[in-house]
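The values are calculated or read from the model by the stated rules, or taken from the named source; none is laboratory data. Since this is a predicted model, take the numbers as computed values, not measurements. A quick note on method: Cβ atoms are made from the backbone with ideal geometry, for glycine too, and the neighbour counts reach across all protein chains shown.
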Amino acid sequence: MGFFAHSTAGIDEGCQVGDETKIWHFTHLMPGCIIGRQCTIGQNVMIASGVKLGNQVKVQNNVSIYEGVTCEDDVFLGPSMVFTNVINPRSQVSRKHEFMTTLVKKGATIGANATIVCGNEIGEYAFIGAGAVVTKPVPAYALVVGNPAKQTGWMSENGIPLQFDNFGKAVCPESKQEYFLENNIVSRVK
């Protein structure tokens, strides 16, 4: 079946790209990156060596994904969002041996122009608002906004705000899935 790559995309030898993935204009995939099935990689994207993207990941235009980043299945990376991989970069000091990892868990959304400072985990189905600057780990299902990013609520797996009752229960109005909040941890009722 294979994948689609626009003629202007640069795909270095040694990349792994899954079936039905689409790679658009002026995108560069470096050796050793792994891209899952049914991903969409937008225009002017750079994916560095060692990066791993799961299945059905959507990377919008103008995103650079640096070494040390892993995105699990169903992650959404908004236009021009930013990952870092060194906590204290200096032009004159090589710190490639100090790259920090960033894990974006299944189903998480990172909004346009958000910045994820390296070394932080973004929990499952977390929602990072546009322009947010994430400087610490984000729990599963959390909604965070601002600079520095602060949690303002919880989101369903469909990306709809959750309103918990006094018993710690909430229902997504779109999917009708039920969620439970206990000790500041959200879980979906199966």
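Select from segment 122-167 the residues that are β-branched (Val, Ile, Thr), within 20 Å of residue 103 (Cα to Cα) and touching a Gly at 6+ places or on another chain (Cβ under 9 Å) and list them in ascending order.
Initial filter on segment 122-167 (β-branched (Val, Ile, Thr)): 122, 128, 133-135, 138, 144-145, 152, 160.
Those still in the list that are within 20 Å of residue 103 (Cα to Cα) too: 122, 128, 133-135, 138, 144-145.
Correct list: 128, 133, 138, 144, 145.
Criterion first (without any contact (Cβ under 8 Å) to a residue 60 or more places away in the chain, surrounded by 17 or more Cβ atoms within 10 Å (Cβ to Cβ), aromatic (Phe, Trp, Tyr) and over 23 Å from residue 120 (Cα atoms)) does residue 3 satisfy it? So residue 3 fits the description; yes. Scanning segment 87-98 turns up at least one residue that is of a type in the set (Val, Ile, Thr), farther than 28 Å from residue 187 by Cα and in a strand (DSSP E or B). Please specify each residue of segment 66-86 satisfying the condition of being of a type in the set (Phe, Trp, Tyr) and not in a loop (DSSP other than H, G, I, E, B). Matches in segment 66-86: 76, 83. When segment 142-190 is limited to residues that are of a type in the set (A, V, I, L, M) and not in a strand (DSSP E or B), the one that is surrounded by the fewest Cβ atoms within 10 Å (Cβ to Cβ) turns out to be 189. Inside segment 114-141, residues that are assigned to a strand (DSSP E or B) and of a type in the set (Ser, Thr, Tyr) make up a count of 1. Is it the case that residue 80 is of a type outside the set (Val, Ile, Thr) and more than 23 Å from residue 59 (Cβ to Cβ)? Spelling it out, it is not the case that residue 80 is of a type outside the set (Val, Ile, Thr) and more than 23 Å from residue 59 (Cβ to Cβ).
Pairs meeting the criteria (first residue in segment 147-172 and over 16 Å from residue 189 (Cα atoms), second residue of a type in the set (Phe, Trp, Tyr), beta carbons under 7 Å, at least 6 apart or on different chains) are 159/127. Selection over segment 51-65 of residues that are of a type outside the set (Val, Ile, Thr) and either modelled with pLDDT under 95 or assigned to a strand (DSSP E or B) (or both) gives a count of 4. For residue 19, the conditions (1) within 16 Å of residue 74 (Cα to Cα); (2) surrounded by 15 or more Cβ atoms within 10 Å (Cβ to Cβ) all hold with the exception of (2).
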